[in-house]
Amino acid sequence: MSSTTQTPQELRPDRKKSRLGFDVLGLGIALVMIFPVYWLVISALRPNHEIRSYDQTLWPSSITFDNFVRAAQQPNFGTAIQSSLIVSITAVVGGMIIATLAALAIGRFRFFGRKPLLLIMILVQMLPPTAMLIPIYAQLNAMGGIDEYWGLIVVYLVSTLPFATIMIRGFVVNIPVELEESAMVDGCTRFGAFRRVIFPLLAPGLAAASIFALVNAWNEYLFAYILINDNSKYTLNVWLMTFTTERGTDYGALMAASTMIAIPVVVFFMIIQKKMAAGLTSGAVKG
């Protein structure tokens, strides 16, 4: 009875075929995911008569920027930008501050109910937003938060707080306590040790959590539509409804406006993408 063993050189063709197969599969998935974005941008650059045509092509016969002009001239465009910036930036900054403090408390201190608190935050993430819509509306209505920026800010802040806290906590538990204690021995206060030692090491986690919070606040539609009824306070996603009138929908201007709305998130992501990648890959190693 004889046995044969394959040399590494004989195994390499199979590995190359397998790698090629995964590359082709990954490329196919990437094309499927990027096609809606491509179609959005191309539709924003098509003339209106071509958008309504039944003979669609992957590339427009002519490129026009009239759709962007009409979108920018739509009523309440400036106020919608202002509303989205106020709500999103406040929700992100406030959420990161509260999530960082909560993550420090959960990661550094041992107190009664710490593990149940983490479990509750995970369970809250599983609840669909529509299940909480009626109680949130009733509570904000009783507090006078309907048609107010602060009501929408509170909703966005609270909705991203559990995820951000859990993510940042993963970084907190990976930072040795000795670093903080050494800084305090050298004369730093607890806040000084946090600012000089802990905070720089939390930057990847904060970047990942902040992009999640920004996307959630910037692209959210349901709560903004229900809680804000004043046209002058519409966020950008609710403002997109104004392109649909009794005479129909201006699809060209709608696609152009959607493209412009997506640009700030893309730019913010490109600025912090390195830190975000580090945050997603190294935040939950321990704890």
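List of remarks:
- The phi torsions of segment 239-247, fed into the Karplus equation with coefficients 6.51, -1.76 and 1.60 and a -60° offset, translate into couplings of 4, 4, 5, 5, 7, 9, 10, 5, 8 Hz, rounded to whole numbers, with Gly and Pro shown as x.
- Three-way shape call for the chain based on the alpha-carbon gyration tensor, with the a/c threshold at 1.5: oblate
- Karplus-derived HN-Hα couplings along segment 86-98 (A = 6.51, B = -1.76, C = 1.60, θ = phi - 60°), whole Hz, x at Gly and Pro: 4, 5, 5, 5, 5, 5, 5, 5, x, x, 5, 5, 5
- Segment 17-121 shape via C-alpha gyration tensor axes, a/c threshold 1.5: oblate
- Exposed-loop-free span, longest in the chain, where GluC sites (Glu not before Pro) count as exposed if DSSP calls them loop and at most 16 other C-beta atoms lie within 10 Å: 1-147
- 3J(HN,Hα) from dihedral phi, segment 30-46, Karplus parametrisation 6.51/-1.76/1.60, rounded to Hz, x for glycine, proline: 4, 5, 5, 6, 8, 4, x, 5, 4, 5, 4, 5, 5, 5, 5, 9, 7
- Selected from 108, 196, 247 as most flexible by GNM, with the chain as the system and alpha-carbon contacts under 10 Å: 247
- Charging the Cβ of each Asp and Glu at -1 and of each Lys and Arg at +1, and nothing else, the dipole of segment 132-287 about its Cα centre rounds to 420 debye.
- Under DSSP loop assignment and at most 14 Cβ neighbours within 10 Å, longest chymotrypsin sites (Phe, Trp or Tyr not before Pro)-free interval of the chain: 113-220
- Normalised by the number of residues in the chain, the average gap of Cα pairs under 8 Å and 6 or more apart makes the relative contact order 30 percent.
- Residues of segment 17-54 falling in the label zone of residue 69, defined by backbone nitrogen less than 17 Å from a point 7 Å along Cα to beta-carbon, are 44-50.
- Heavy-atom surface of the chain, accessible at 1.4 Å and reported per residue (Å²): 62 Å²
The values are calculated or read from the model by the stated rules, or taken from the named source; none is laboratory data. Please read these numbers as outputs of a predicted model, since none were measured by experiment. We place every Cβ from the backbone using ideal geometry, glycine too, and count neighbours over all the protein chains shown. Accessible surface is based on the protein model in full, side chains and every heavy atom, while ligands, DNA and RNA are left aside. Shrake-Rupley method; radii C 1.70, N 1.55, O 1.52, S 1.80 Å.
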